1. Roughly how big is the chain's charge dipole about its Cα centre, with Cβ charges of +1 (Lys, Arg) and -1 (Asp, Glu), in debye to the nearest 20?
2. What is the projected area of the convex hull of the Cα atoms of the range 76-142, averaged over all directions, in nm²?
3. Report D for the range 310-371 in µm² per second (integer): Stokes-Einstein, Kirkwood Rh on Cα pairs, 37 °C, 0.692 mPa s.
4. With a ≥ b ≥ c the root eigenvalues of the C-alpha gyration tensor of the range 145-230, is it rounded (a/c under 1.5), prolate (a/b larger than b/c) or oblate?
5. Ignoring any ligand, DNA or RNA, what whole percent of the accessible area of the chain comes from carbon and sulfur when the probe is 1.4 angstrom?
6. Thinking of the range 206-329 as a set of Cα atoms, what percent of all their pairs are more than 23 Å apart?
7. Kindly provide the Kirkwood hydrodynamic radius of the chain in Å, to one decimal, from all pairs of distinct alpha carbon atoms.
8. Enter the accessible area per residue of the range 82-235 (Å², integer; probe 1.4 Å; all protein chains in place).
Amino acid sequence: MEEPVARPRANRSGAARRRLVLGVVVALLAAGCSGSDPVRVARIGVVAPLDAGLVGFGRGIRNSVQLAVDEANKRKPVPGWRFELVAADDSSDPTVGEAAARRLAGDPAVVGVVGTYNSGVAAKVAPVLRDAGIVMVSPGNTDPALTLGPDVARPVRQWDNYFRMVAADNVQGPFLAASAFDEVKARRVAVVSETKPVSRGLGDSFGSAFQAKGGNVVVNRVVADGATDFADVLRAITPLRPDLVFFGGEYEVGARFSSQAMAAGLTVPVMGGDGLKDDAYIARAGPAGDGDLASSVGAPLASLGSAELFLAAYGKAGFAEPPGDFGVYAYDAANAIIAAATTALTGASSVNPLLRAGIVVGVQGTEMSGASGKVAFDTFGDTRSKVLTLYRVTDGAWRPVRTQTVS
C-alpha cells in the first residue's frame, strides 16, 4: 500500500502571500481613489527669549507666529504642504541664539525664521541662517548696524537674507531726543547706557540728537550689562541736577535703575527706548516708575484698524501671554514668509537651496497690508514704514503721548 502524499507546505504559504499582496494592492488602490496624497511639512522657525531673558517680548512673538501658521494651515494655500512652527529659545543670549540658529539651519524643512528680539542675538543668528540660505525677518531688532553696517553714513547691506519690521535706533534716538526736548521740556539730561552695542548706540544717538536740538548732556556713563547696583553712577549724576535721565537698556535693568534713583533722591523722569516699554518695567520699578517714559515701535494697537482682526484672533486662540508690542510685527513677519513660501512651494516636492533662495527674493519684494500696517522693505532690508510712539507711565500703565511717522 502506498504511503499518502502530504500537500506541500509551500503551497499553503504561497496562498497566504497572494492574499497579503492582494490586500496591499486593494489598500493602495483605495488610498489612490480617496486622493489622500502624503502631506509634506514646511517649518517656520522662531528664535526668541522663551525660557530666560526678555520673555515678556519673546513669548508674545512666538504666540503670534503660531497664530499665523495656524491660520495659513486652515487656508491650505499649497496643495500637499502644511506649515509647522518650530520655536527655539535664545534666552536673550547671543551664544544661546547662535546654537538655536544652527539647529534650525540643520533642519531641511525650515523655510524661514522669525526673530530675534535682541539685536545682539541677531548679529550671531543672521550669518548662520545666511549660510543656510534661510530668510530671517526680525520683529524687534533696532541696531542700525544689522542692516546698514558699522558706518551708518556709508551704508552697506550686511546679509541679503535679513529683514526687519521696525524702525532702527538711528530713527528712534532722534525721536526720543525731540520728545525729551519738546514734550518734557528737558534742557539738561544725563545719559546712562548698558554696555552692549545696541544700548550704547541708542544712548549715543539720543545724546547727539538732544545736543543738536540745543540741549545739554551733563554726563554720559556706561554700566555693565545686567547691572544691579547704581550707587556710584547716581552719586555722580545727582549733584548735576539733570531734568531727565536717559537710560539705554532693557526693562529688567532699567527698572532697577529707576527704583534706585528715587531712593537716592533723584526724582526726575527716566526715559528709554523700546527695551523699557513692557509692563514688567512698571511692576519692578514700583512707585519710582510713575512718570517715566519710553518709546515703542508702531502706533498703539488699539488705535490701528488694521490690527482688529489680529487682536480678536489672538484673544480667541487663548494664549497664556499677551502679544506685546512686537507680536503684531511677528505675525506680519510670519505672513510675509508664508506668502513667499507659498509661491516657492507650489509644485515642489522638497525644500532645497533653490527654493529657499526664492523665498528670500519673495520677502524682499513684499508689498502687503498687514495687521501692523504696510509691510515692505527697502534695499537694505529695513522697513519702509517707520512709526514710533512715546509712552508715559501714568496710574500704573503705559499711556500713549504721541505717535509719529518718521521718514
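1. About 1100 debye.
2. 4.7 nm²
3. Details: Rh = 13.2 Å.
Diffusion coefficient, whole number: 249 µm²/s.
4. oblate
5. On the way: 9880 of 18110 Å².
Answer for the chain is 55 percent, counting heavy atoms of protein chains only.
6. Values: 3098 of 7626 pairs.
Within the range 206-329, distances greater than 23 Å cover 41 percent of Cα pairs.
7. On the way: mean 1/r = 0.0434 Å⁻¹.
Averaging 1/r across every pair of different Cα atoms and inverting gives 23.0 Å.
8. Here the per-residue accessible area is 37 Å².
The values are calculated or read from the model by the stated rules, or taken from the named source; none is laboratory data. Keep in mind it's a predicted model, so treat the numbers as computed, not measured. Every residue, glycine as well, gets a Cβ built from its backbone with ideal geometry; the counts of neighbours run over all protein chains shown. With ligands, DNA and RNA removed, areas are computed over all heavy atoms of the protein, side chains included. Shrake-Rupley method; radii C 1.70, N 1.55, O 1.52, S 1.80 Å.
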